[in-house]
Amino acid sequence: MFSREETSRIKEEFWTTFGRYMSPVPSVEGNKINWINYHTGLKHVHFRMITESKSALIAITIEHRDLEIQSLFFEQFLELKTLLHATLQEEWHWKLHETTSSEKIISKIYKELNGVSVLNKAQWPELISFFKPRIITLDEFWSDAKYSFDSLR
């Protein structure tokens with residue numbers, strides 16, 4: 001069992017390692033990009049990579065406080081579901097209005113990898129292999145799909 005500080009240090013080390021590994025990879029448009037803190041250009045839409053003690057998750061999260069507006073964003077993503085899944089070459093899970101552990105209501109589209117721990121450095125290659133192709137493919141999807149959200153800006 002790791003202390004809170006040790007857990008935080010190991011997670012920070014993982015994300016630093018992942019960031020260095022991804023830094024030479026340009027965006028689909030050829031630009032330098034911060035893959036860990038990917039900016040969609042929409043205030044309440046984020047691409048998140050999350051590590052837990054027994055799983056990893058990559059997600060598109062919609063975090064607008066107004067649930068009706070959040071629903072509009074989710075519906076727009078639903079319109080692009082076929083394109084998203086075709087680009088990713090896999091199906092993702094879709095959740096409208098989920099309450100987080102911090103009591104915040106979000107919507108998310110996500111893929112989860114169970115049975116891995118960021119605290120186990122031997123599993124870091126598996127985590128990187130999970131995150132890398134998906135965040136790159138999300139960037140590819142977003143380079144076309146972002147224009148569909150212009151009316152919601």
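The values are calculated or read from the model by the stated rules, or taken from the named source; none is laboratory data. The shown structure was predicted, so the numbers you read here are calculated from the model rather than taken from an experiment. Positions of Cβ are generated from backbone atoms using ideal geometry, with glycine treated the same way; all protein chains shown enter the neighbour counts.
Out of Phe77, Phe18, one residue alone is hydrophobic (A, V, I, L, M, F, W, C) and farther than 25 Å from Glu126 by Cβ. It is Phe77. If you go through segment 90-117 and keep only what is over 16 Å from the mean Cα position of the chain (by Cα) and part of a loop (DSSP other than H, G, I, E, B), you end up with Ser101, Ser102, Glu103, Lys104, Gly115, Val116, Ser117. Within segment 36-54, residues that are at positive phi reach no partner that is part of a loop (DSSP other than H, G, I, E, B) and of a type in the set (Ser, Thr, Tyr) with beta carbons closer than 9 Å at six or more positions or on different chains.
Restricting attention to segment 33-79, the residues that are in a loop (DSSP other than H, G, I, E, B), crowded, with 19+ Cβ neighbours inside 10 Å and either modelled with pLDDT of 95 or more or touching a Phe, Trp or Tyr at 6+ places or on another chain (Cβ under 9 Å) (or both) add up to 2. Among the residues making up segment 133-153, a single one is of a type in the set (S, T, N, Q), out of contact with any helix residue (DSSP H, G or I) (no Cβ under 6 Å at 6 or more places or on another chain) and under 18 Å from Gly30 (Cβ atoms): Ser143.
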